[in-house]
Amino acid sequence: MKRILIILVVLFNSMFSQVGIGTTSPDASSILELNTNSAGFLPPRLTTAQRDAITTPAQGLFIYNITTNCFQYFDGTTWSGCLSTKSSILFDCATAPTVAGSYQVGLPLTITNTVTVSITTDKAGAYSILSDTVNGYNFSGSGTFPSAGTHSVVLTGTGTPITNQTDTFNLYMVGEDSTCSFNVVVTPLYRNCKEYFDDGFTTDGIYTIDSDGVGGNAPYDCYCNMTDDGGGWTLVFRHDIAGGLFASDLEADLFNQASPGLATQKYSILSKIDELKSAAPYEFRLFYPNENVRNHWTQTFDPRSGASPIRPVVGYTAINIDAIGSFWGGLEKSGTSTFLDGSVNHTNWWYSIGSQSSYPGGIPGPNTTAVQVVELYIR
């Protein structure tokens, strides 16, 4: 009963006089005075999103914003900027942020995934910038401005995109009330170069693919020819005789997978042709770059399955054929000298893919001609 009376007295007095915490004589000009030499006053701490979710904030409402790391108040119409004596650091959003790198579903971001922003500051000093986390990834960066003025700052992405969509990011300057936004387009992880080409990618080069789709194998890089014979070709084999011979059919079937491109002397992902083809028949492009000779055709016969009992192979359809000599008829599995060849249903091994025996002049190529380099593409 005594405690209740004390509480009532305190409440009654607080209605008509000052209240002191840590002092018995609060200042006459205050309604509340906090007095301590071992602690501080801790106001409500909210993110920008939580602040904006407050329904009808009162004029003078005061918070600490943990997104921008500063105090703010509501002036009856809008939230104030940061209440700070720090230097002014502002995003120059008139200069649109520049996004770099490839953003694909399920592919973790690397140091190549960046966004470059323009920032103006009134003096030298440290900075820290972060973004929202959207669709499984975000951007951040920190450093020191060497002087006042406008600077380009590169932020690095981390995380893994979850869904193919357009993501909108907001950037925040830690300790400052300045923001900027930009968009990132996340694309599917394509199965082959043809899918890239069909979605508007027309530049030759290295692309990341996931040839087995949901099969569980990790994505990998490959070389795509997007300009010749209609584009959308995936390089599945390259042999420059300067790199030596292939040791076996096994090596010729899968070799140097992690080093795709036109500079690799011995390269093969022939073991993946069933995953890489876009339609029921195999569509091949056999190319001899030094001679500028190419054969372009389709066949339903799996060239890795064995020797063909007939010439041409089953399902062979010529599209653009530059070389027809030496029993040309598509590709089949060869004998002991090479993995595959195009001298179908014959003991010759011209149009050799995966040469394991030496041949005068280089690699058995088109029309009884030895060549230095041979490439095979699929679409």
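Numbers for the structure displayed
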item	result
Solvent-accessible heavy-atom area per residue, rounded to whole Å², over the stretch 307-372 at 1.4 Å	42
Estimated vicinal HN-Hα couplings, Hz - the stretch 345-353 in sequence order (Karplus 6.51, -1.76, 1.60; Gly, Pro = x)	6, 7, 6, 5, 10, 5, 6, 5, 10
Computed Rg/Rh of the stretch 300-339, alpha carbon atoms with Kirkwood Rh	0.96
Cα gyration tensor, the stretch 209-263 - rounded (a/c under 1.5), prolate or oblate	oblate
Separation in nanometres of the label points that stand 7 Å from Cα toward Cβ, at Ser140 and Glu251	4.7
Rg over Rh, two decimals, the stretch 190-239 (C-alpha only, Kirkwood Rh)	0.97
Positive-end residue of Asn348, Val134, Asn183, charge dipole of the chain with Cβ unit charges	Val134
Built amide H within the under 5 Å cut-off of Gly175, gap 5+	Asn69
Dimensionless Rg over Rh [the stretch 256-377; C-alpha; Kirkwood]	0.92
For the chain, the fraction of alpha-carbon pairs in successive 20 Å shells from zero, as %	22, 32, 22, 15, 7, 2
Zone of Ser80's modelled label, taken as backbone nitrogen in the stretch 36-71 under 11 Å from a point 7 Å along Cα→Cβ	60-63, 71
Residues whose placed amide H lies under 5 Å from that of Val186, excluding near-sequence neighbours	Gln165, Thr166, Asp167
Sequence-separation-based contact order of the chain, relative, with Cα cut under 8 Å and 6+ spacing, percent	10
Within the accessible area of the chain (1.4 Å probe), percent carbon and sulfur	55
Lysine pairs in the chain with Cα atoms under 19 Å, if 8 or more residues apart or on separate chains	6
Cα-based convex hull, the stretch 121-213, per residue volume (Å³, whole number)	134
Gain in span if fully extended, Phe71 to Ile162, counting 0.36 nm per residue against the direct Cα distance	29.3 nm
In sequence order, calculated HN-Hα J values of the stretch 44-56 (Karplus, 6.51, -1.76, 1.60; Hz; x Gly/Pro)	x, 10, 10, 6, 4, 5, 5, 4, 5, 8, 5, 7, 6
Extension gain from Thr56 to Ala124, taking 0.36 nm per residue of separation minus the Cα-Cα distance	20.6 nm
Added length on full extension, which subtracts the Cα-Cα distance from 0.36 nm per residue, Thr203 to Ser152	15.5 nm
Three principal axis lengths of the stretch 116-170 [C-alpha, angstrom, descending]	41, 16, 13
FRET efficiency for Ala258 and Thr179, using Cβ-Cβ distance with R0 set to 51 Å, rounded to 0.05	0.80
Average Cα contact separation per residue, the stretch 152-295, under 8 Å, 6 or more apart, as relative contact order %	16
Computed helical MRE - 222 nm, the chain, DSSP H runs ≥ 4 contributing -39500 (n - 2.57), nearest 500	-2500 deg cm²/dmol
Between helix 2-16 and the chain: long-axis angle, C-alpha atoms, 0 to 90°, nearest 10	90
Karplus-derived 3J(HN,Hα), 6.51/-1.76/1.60, for each residue of the stretch 270-276, Hz, glycine and proline x	4, 5, 9, 5, 5, 6, 7
Rg and Dmax of the stretch 59-216, Cα atoms only, in Å	19.2, 60
Highest average packing first - 199-206, 312-319, 133-140, Cβ atoms within 10 Å	133-140, 312-319, 199-206
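The values are calculated or read from the model by the stated rules, or taken from the named source; none is laboratory data. None of the values given here were measured: they were computed from a predicted structure. Glycine also receives a Cβ, built like all others from the backbone with ideal geometry; neighbour counts cover every protein chain displayed. We work out accessible area using only protein heavy atoms, side chains counted, and drop any ligands, DNA or RNA first. Shrake-Rupley method; radii C 1.70, N 1.55, O 1.52, S 1.80 Å.
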